[in-house]
Each structure stands twice: as C-alpha cells, then as structure tokens.
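Okay, here's the structure, questions in a sec.
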Number of protein chains: 2
Amino acid sequence: MAKSDIEIAREATMQPITEIGSKLGIPADQVLQYGPYKGKLSFDFINSLDSKPDGKLILVTAITPTPAGEGKTTTTVGLGDGLNRIGKKAAICLREPSQGPCFGMKGGAAGGGYAQVVPMEDINLHFTGDFHAIGIAHNLLSALIDNHIYWGNELGIDLRRVSWRRVVDMNDRSLRSIVSSLGGVSNGFPREDGFDIVVASEVMAIFCLAKDLNDLTERLSRIVVAQRRDKSPVTAGDLMAPGPMAVLLKDAISPNLVQTLENNPAFIHGGPFANIAHGCNSVIATRTALKLADYVVTEAGFGADLGAEKFFDIKCRKAGLKPAAAVVVATIRALKMHGGVAKENLGQENVEAVKKGCSNLARHLANVKSFGVPVVVAINRFSADTDAEVAAVQEVAKTQGAKAILCNHWAEGSKGTEELAHEVVRVVDSQTANFSPIYPDDMPLWDKVKTIATRLYGASDIIADKAVRNRFKELEDMGYGDLPVCMAKTQYSFSTDPNLKGAPSGHVVPVRELRLSAGAGFVVAICGEIMTMPGLPRVPSAHNIKLDANGQIEGLF
Amino acid sequence: MAKSDIEIAREATMQPITEIGSKLGIPADQVLQYGPYKGKLSFDFINSLDSKPDGKLILVTAITPTPAGEGKTTTTVGLGDGLNRIGKKAAICLREPSQGPCFGMKGGAAGGGYAQVVPMEDINLHFTGDFHAIGIAHNLLSALIDNHIYWGNELGIDLRRVSWRRVVDMNDRSLRSIVSSLGGVSNGFPREDGFDIVVASEVMAIFCLAKDLNDLTERLSRIVVAQRRDKSPVTAGDLMAPGPMAVLLKDAISPNLVQTLENNPAFIHGGPFANIAHGCNSVIATRTALKLADYVVTEAGFGADLGAEKFFDIKCRKAGLKPAAAVVVATIRALKMHGGVAKENLGQENVEAVKKGCSNLARHLANVKSFGVPVVVAINRFSADTDAEVAAVQEVAKTQGAKAILCNHWAEGSKGTEELAHEVVRVVDSQTANFSPIYPDDMPLWDKVKTIATRLYGASDIIADKAVRNRFKELEDMGYGDLPVCMAKTQYSFSTDPNLKGAPSGHVVPVRELRLSAGAGFVVAICGEIMTMPGLPRVPSAHNIKLDANGQIEGLF
C-alpha cells in the first residue's frame, strides 16, 4: 500500500533550519528560529541584500481545476527539488495554508507524496503565527471602528455603510451574517456585520503586496472601512489604526523559511484568497528569495486565467517583478474531464477526450505567452496515464511552442522532475521572456475588466447593470481608476459558469459588484457568487483529528 | 528623569534562552526556540523529571488593589532575582498577559523598573502564540456546535440554551451581544450569541489546570456547552471536539521560558481571568519549575481574598501543590487609600491613615495563615514613603506574626529584595507550613461559598434568590457538588461593594448566578457584575502605538 503524505513527511530527515538557510548564504544568527525546523529571516539581513542581483523567477500555474486534481503545489516543490538536483541554486516560494479548512475537508496544503514541504503539520496549523497576527490586526481595526462610533462618531461614519467586517481563522458559517452591538447602551449601536475567514482579509492582501514595513503601514492607512452618509470614504488612517496594526504585524512580515523533503529551502509566507484577492505568496518573500537563489519557483492560486493573470497584472506589475518563465501544470485525468469524461471513467484510456480537453491547456498557454512569458507544460503523472495520452498532450503543447514533460515527483521526488528542471533552465536561460502586464495602469477600469475577459477568457463582452456601472464611475471619480482589477469569478471555467469545461468562447461575463481594496491596491470585480466564509461539512474532518498515545497528530491528512 | 519600563527593558543584556535554561539544568536541545530569547520546553524533557524532588513553592499575593497600585508582578520578579542574588536556585512563574488591553489602557504586564521579564514587548503581544491557540481551539468548538445544529441537531441542543460563546483577544464591546446565523437558510439557525476576551475562555482555565495532554483532552470533553429542552447537558465530548482542540493546543501547552532583567529563569504560561476563573499560571509550568528549581515564586491575580484563595482552594488542591510560604505585597500609598486618603493626597505623610488602612493588610495575613501558609509582607517602596509610615506597617504585620520588609526592586533590582529573599528563605526553611484548603471537597456548594464569605471576607452571610438556590441544587444533582467554587466578585473590596475599602465586616454577599465550568473543574459563583469583554476607552492607547523609523515599537508602554 502506498504511504500517506503524513507518513512520508514523518519519515523525512529534516535538517536544522539554520543549515537550510546556510545553503542560501543566510548566517545562522539572522534566522529567528521557531523550533528547530522553522525560521523567520531578520529584516536587518533582508535589507542588507538590496544591492545583490536578482535570480530568475518561475511561475507555476495550472489548467482550469477539476475534481481530478492537478497538483500545482506538489509540482512547485518537485521543480524546486529538481533544479537543486541538477546543480542549480534554487528556492521555492509558497503560500501559507489556511488553518480553518483543515477541520472541514480532509487535506493539507503542503504538497504531496515525495514532493512536500516540512514540518507539514506545523505548516498546516499555527505555523509561525502569521495568520493569527493578521487576524488580530484586522479585528483591532474592526474594534476601533465601533469604538469610534460608540464615543461620538466624530468622523460621521454611516452605520449602514461599514464595509470592514471581522475575521476568524475558522470555517464558521454562523458568523457570515450577524447583528452586533446588541444588549443596550454600553455595548454600542446595533448594526449588521459579519465575519470572513482570515485569508479573505484585505490585511492579508496588503501583507502580501507590501514591500516593507513602511509600505505596509501606508497601505494599511489607505484601507477604506466605511462611508459617510454622503458616501465619502472613511479610512483606517482616519481611525489612527495603521500604527498598532503594523506593530501587531511586525514579526509576521518576515518571511518564513522551511525545507522540502529533500532539504532544499522553501519560503512559505502569506496566503490571500485567489478570488477576492490576488492569491500569491508575499512580495517580501519572493524578493528575498530572488536575492538569495539563482532560480525561484513560485505558484499562484487556481488556474492560470485567475492565478497567473493576477500574479502578472497585480503582483509583478506592482512589485516590479519580471518572470522568466511559467510552468503550466496539467494531468491526463483533468484534461479528460475537460474533454467530457465523467470522474468515474478517468481510469480508462481515452486519447480523443484528452485531445479535446487540451483546448483548455492550449488557451492557458496562449494566455501566458501573451504576457511575454515563455511556457513549459508539466504533466503530473498518474499511474493510469498511457503513452498515447501523453503524446497527445505533447503535440498540443508543441503547437503553442511549448514542451510538455512527464513528471513523476509525487512518487520519486526530484528524480521525477529532472527533465522538467532541465527544460525550465533552458527556457529561462534563453532569455526569451519579455514580460509586460496585459493592460496599462491608465486604462479605464471597465476596459481593464473587458480586456481580461475578451483576451484571456474568450468572452465576447462584459455586462453590468446600472448600479454597477455607476460604481465603476464612482471609483474612478474617487481617484482609484489607475488600480489594477482583481477578478473574482469561478475557478472552474474560463466563463462564469462552472460547468463549462474546456475552452468556451463567445460567452458574456456579468460584473455583479465592484469592491474597493484601496490598501491592497486593486478593485475587485465580482463576477459570480464568492464565498468568503466557508462552512463545515456534515461530517467535518475534525471528528477524526486527535492526538495519539505518543502525542502525534492523527487524522489531519 | 527616571527611565521608562521599556527603556530599561531595551537596555537589558539578554542571554540566549538556552543559556537561561542551562541554569536550571535544561539541555539546549530540549528548549524549542521562538527567536533567541523565548523558548518552550519539550514534553519529553518535562516527563523525564517525574522522579525528581520538588522545590519550595512561594506565592506572591497582595492587599486589596487600589488605583495607587501594588506591584505584585514586579515583586514576584524582584523576589525571584533576590533569591538568585543570595545564592539560591530560584525560578519565577507568571501568567501571560492579555494582548487586547494593551490597545486600550496604556501599560504592560511584565513587571516594572528594574524588576521585569524580557523580551517584554513580545511577552505583551503575541508571545509564543499560546493565546491565539487557545482562542482558535475555543472557536472551533463554537463552530462545531452551530455546525451540528445546522446539519440536523441530532443531539437535540436547545438553541436558547447554548452557553458556550465565542472569543477574540481584543477589547471589543460590540461583540458582547450579537445575533448570529442571520442571512438565510445556508447560514444556519439565528440565535443569541456573544464574544468574550480569550482570557475568559474556559479553555484557558482548563489549559492552566491540566496536568498533561491526556488530562487536557479529558477536561475538554467535560465542558458543558449547552442544554437540551429537558436541561440535560450537552458536552464538548458529545460533539467530538476535544481531539482537534487538543491538536490545536499541543504546542501551546508546553511552558514558555524567558528571563528577568538579571538573566534569571522565568516561566510565563497561561493567563486565566481572576474573576470567572482562578487567575494563576499553568499547573504544568509550576510543576516543571518545582522540579528544576529549589525555590519557585509565583503570583495569583487580584488581592489575596480572590487570588490566594483560588490559588489554594482550586489550583493547589487539584494539582496537589503544597505552598511553603506566601508574600503579601502592600504599598504605603495603597494602605493610605484603604485608610481613607484620596489619591491626590497620597504624597503627604499620614501615619494614622496607614494604620487604619492596615486593617486590610491584617485581614489578608490572617486569611492566608488560615490555610496553614506562613506569611511575609513586602512593602513595595515609593520615594515618598516615610520611616514612620513603614514602621506602622511593620507593627501591624508583627501582630500577625509576620515580618514586613521594605523592598526597592523597582529602582534597584535584586539589591532591593535581598532582605526579603533572606526572610522568605528563613520562613520556608523553618518548615512551618501545613497547607490545607479552607473547605473539604464534600461540603455542599452553598456552604463552600458561605465558608469563603464568612471566614475570609468578613461577611455575616450569603444570600441568593430562589432561581439561584435551585441552581445550587441542580448542579449538585448533576454530580458537580464536589467541585471547588470560584468566586467572581469585585477585586476592590472584601465585600461586593467596590467602595468599601479597609476590612469591612458583617456585610452580606449576594450570589447572583452560578456558572458551571465542568472542564476546568469548578463552579463559578457570581457575586456582582462581571465583565468578560472589556471595551476600549475614548482615546485608546492604540492611537499612540506605532513603529518608529527603526522598526521599534513606540507608545505601547
């Protein structure tokens, strides 16, 4: 029987985190240890790197996700290990997983098989406390808003127009919509409120886009928390919140260093939602890794239509990053689903379905290339895959000028990504990348959304009702017209219909709502139902999670 | 100008935490580091200590608190340093401060002057994440309750009788009373709910009374979260919550090691409220310290009527601890206030007022002695204190068979507590202690409350209306009659009237409500208004807190 992820992870021989750091030239005393296998880099050290040249940045993204699974994180880890295996100085950059979902659906978010980051239990639970810090910084701002209203509301906040909610790092549907400040005079003014999960906090997005502590504080000040009756904005800065929020975040903002099962360095830092936020790890971690390694492999959330687009148009644009290549992860199984095969029939060879499903892959490849970034396809191998199916994918990739490489890192670790690593290095070193975002800053917000929808999603147009169109104008009038847009749509289709697999065309994208994330620095275009507070299932995995007689965690993964 | 606490703390030369550990014989690899100056002890190491003999346990408690301040934590730190100064192997055990209040009223909780524990900013903020872990474990149980109801409510929980609230580590009055699960079918069944601050969580009290991880899990199972329509209890165990809660707490439950300004070892672990809970640091930390040091100095919350009584009747009784001595902290200023002097006149000598106020001190001394614990009085010196005033206190102490010693640790560190340390050692080594709780386990709950009120508070009787008296009976019928009681009354008076200073007698203590903390293992007798969620003041200290240009915290202390 195959070993489970946790069994494999527990068999790992971890090296002290200072030794991992030394592989990147980090002095031991610049790693603040959180136990022997987790560390945070000191800011003194990070600041000392400014004049060093940058390594090459490689994005791992994926085809449109299906229930069959793609293995993006696993491939990111596998590629990082593969690059190290072929003698390159490489580091990986991942997002921190959210703790809440661990108690709902089974499954962690630290890779799988022989391509994992460790200590995986820590990484999936409290880790170094970053999400706790972000949650409490968020809730301090919430408390300051209601406290301001309580003591006289000098700023004239309209109680009906407080857009800043509260957060908790837990799947808790009963907190989605509440009425707060009940119970009489001493508890304040009753109003509608609600909680999101911590990864949905704008503080999380800010944390991940900030260049340093100063930039963090400035971004926090710009958060719009409410409006007055005349709709003029009230900001976190008006409430004098950014100072104490930054104090709460000052340790968290340092990147976390851990290791892969093969003892290669991995930075895991920040983890914003990929729908209402941009879904990438922190700019500080990515930049630090680029100073320390020659090759940095990072991933973005969901499929390339959402994850890669936001990585390019939001993170790279704002942080001045120049990606050198992208890897698009696909599986034969997932491509078959895009080709119309039901989940229960994925075990049977079906070359035609694979070819049909490759329409999805082909569009993602074309999309990534349209940002000036060369691509490689990683086929994350499953045992039932046949040679003919793999050949079909390779052929489609070739039409897009890309090589598709079969990878077996889940079962073999870096041995299974050697070929991928060589091809990525070849592409990167060929210096064919010529990155630019897909729309300019000064394009009107409406046109930005339309550009993404028509050029990347295959849509014929976007639509919105009058109130939403007014909101586009309102945001531009308020001076937010030069922000990038952050698309919040289903991750399961290029369209807004999650059932439309493959590469649908000619559909229309309805924009239902615009939300301003002024601190993060983007306008969220909501094109579908977006859930910012998950619930627990009927039988949550919490029921099986416990400590065994030796104090080891059982049932978490 | 005198240096501020933070200035003094920043001038400290801290030693690596492994070096501090080595003073107690802790091998470096058994200290899990959280940065260079904070560590958690491994459970393997703690378990290896079982057969070692225990050191002597010394409680630091205080007279009834006044706005003049007493300096209990400062004296605990000072005495620990003093004992080390005179050549004893001594450690201190403190509670972890709550983070929320830091953003409301100015002031930390890590000692003061030259008697502090460091790194004080860390200790006052996230520290090693224990409170975050406790908060999220608490909220996981909350989510599981509502999730159970959502999916069919097999256990038959009465929505009106869910007593388990939610928590956040923030002063946020608007969350005291809410209606949750609004917004329609998919968000559950609307009901009344509310948030407490994390220190008020029963998980916090359990955390601090658990002997090990097994005991923790068993206590968590016993938590009563709700009742059915027939009032039968529903427990956390019924909801299968203890397993994942223990998983969330497994790192937090290890004691934290830090150091004093004089580089002596300090365990800071757990921090339950001293009103609805017992107000002491964790049993695990205290027991571990007793295995490692010859003298262990710890403190309890509020004045001795609440703090020492609960330390003796709840913590020592249940953990089998035998305190060897107690130090009662007083200041001349506070005694003057008990003698009727207004705050603005405390600078003037007033021997008569001191004498009058000593009625408060005398009763606390008699009370502590009634537990079979010998006492020493520490007069925490202020510059305006006169010799005549000090002599007056010494005379009163003598009538109780105790020496009152002038201490100057705030200004001088251990040099200022040398005499106190010598006297404490003399009392401890005389082995006059013969500890026993003030009431037996099998006394009826009503009589337990009455015993405390009449024997310690000077009350003539206790009263309660019929519903409350029925609740006494109900809890006994349910099998909780053998639990100790946890008194929740004002800390500002022996009576339930905060304005009655000194040593009032003949008053009647009304019991307004009984709350069951079945997991912690006590019944809370509420005798006054108890606030479990503070608010922020009009001008919260958050307004002044920020990072300076060097990334150092400004305005927190």
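Of (1) in a loop (DSSP other than H, G, I, E, B); (2) farther than 20 Å from residue B:271 by Cα; (3) away from chain A (no Cβ under 13 Å), residue B:211 satisfies all except one. Which?
Failing condition for residue B:211: (2).
Right, another one. Exactly one condition in (1) modelled with pLDDT under 95; (2) touching a Phe, Trp or Tyr at 6+ places or on another chain (Cβ under 8 Å) is not met by residue B:159; state its number.
Unmet condition: (1).
Checking the conditions here, which among B:36, B:27 is more than 26 Å from the chain's Cα centre (by Cα), at pLDDT 95 or above and surrounded by fewer than 22 Cβ atoms within 10 Å (Cβ to Cβ)?
Result of the check over B:36, B:27: B:27.
Residues to consider are A:332, A:276; find the one that is over 21 Å from the mean Cα position of the chain (by Cα) and not basic (Lys, Arg).
Answer to the check: A:332.
Pairs please, first residue from region A:4-20 and more than 16 Å from residue A:35 (Cα to Cα), second anywhere and in a helix (DSSP H, G or I), Cβ atoms under 8 Å, 6+ apart in sequence or on different chains.
A:5/A:120; A:6/A:120; A:6/A:121; A:9/A:120; A:9/A:121
Restricting attention to region B:159-185, which residues are out of contact with any strand residue (DSSP E or B) (no Cβ under 8 Å at 6 or more places or on another chain), facing chain A (nearest Cβ under 7 Å) and either aromatic (Phe, Trp, Tyr) or free of Cβ contacts under 8 Å to residues at least 60 places away in the same chain (or both)?
Within region B:159-185, just B:183 meets the criteria.
Report those strands (runs of 3 or more DSSP E) wholly inside region B:445-553 carrying at least 2 residues which are within 30 Å of residue B:172 (Cβ to Cβ) and more than 14 Å from chain A (Cβ to nearest Cβ).
B:485-488, B:513-517, B:522-526
Moving to a separate point now. So which of B:81, B:50 is crowded, with 24+ Cβ neighbours inside 10 Å and more than 14 Å from chain A (Cβ to nearest Cβ)?
The conditions single out B:81.
Say whether the condition of being over 30 Å from residue B:18 (Cα atoms) and of a type in the set (Gly, Ala, Ser) is met by at least one residue in region B:243-257.
Yes; the residues of region B:243-257 include at least one that is over 30 Å from residue B:18 (Cα atoms) and of a type in the set (Gly, Ala, Ser).
For region B:111-129, name all the residues that are within 10 Å of chain A (Cβ to nearest Cβ) and in a helix (DSSP H, G or I).
Listed by number, the residues that qualify are B:121, B:122.
Hey, among the residues in region A:85-95 that are touching a Phe, Trp or Tyr at 6+ places or on another chain (Cβ under 9 Å) and surrounded by fewer than 24 Cβ atoms within 10 Å (Cβ to Cβ), which one's farthest from the other protein chains (Cβ to nearest Cβ)?
Residue satisfying both the conditions and the ranking: A:88.
All but one of (1) out of contact with any Phe, Trp or Tyr (no Cβ under 6 Å at 6 or more places or on another chain); (2) away from every other protein chain (no Cβ under 12 Å); (3) farther than 20 Å from residue B:252 by Cβ; (4) buried (at least 21 other Cβ atoms within 10 Å of the Cβ) hold for residue B:105, so report the exception by its number.
(4)
Quick one: which residue in B:182, B:239, B:248 is on the phi < 0 side of the Ramachandran plot, modelled with pLDDT of 95 or more, outside any loop (DSSP other than H, G, I, E, B) and crowded, with 18+ Cβ neighbours inside 10 Å?
B:248
Working only within region A:77-100, note down all residues that are under 30 Å from residue A:172 (Cβ atoms) and part of a helix (DSSP H, G or I).
Residue satisfying the conditions is A:100 alone.
While we're here: Restricting to region A:130-158, count the residues that are part of a helix (DSSP H, G or I), more than 7 Å from every other protein chain (Cβ to nearest Cβ) and among the β-branched types (Val, Ile, Thr).
Of the residues in region A:130-158, 3 are part of a helix (DSSP H, G or I), more than 7 Å from every other protein chain (Cβ to nearest Cβ) and among the β-branched types (Val, Ile, Thr).
So which helices (runs of 4 or more DSSP H) are wholly in region B:273-392 and hold at least 2 residues that are surrounded by fewer than 22 Cβ atoms within 10 Å (Cβ to Cβ) and at pLDDT 95 or above?
Those helices (runs of 4 or more DSSP H) span B:351-369.
Output the residues belonging to region B:228-250 that are facing chain A (nearest Cβ under 7 Å) and in contact with an Asp or Glu (Cβ under 9 Å, 6 or more places away or on another chain).
Selection gives B:243, B:247.
The values are calculated or read from the model by the stated rules, or taken from the named source; none is laboratory data. What you are looking at is a predicted structure, and each value in this text was computed from that prediction instead of being measured. Positions of Cβ are generated from backbone atoms using ideal geometry, with glycine treated the same way; all protein chains shown enter the neighbour counts.
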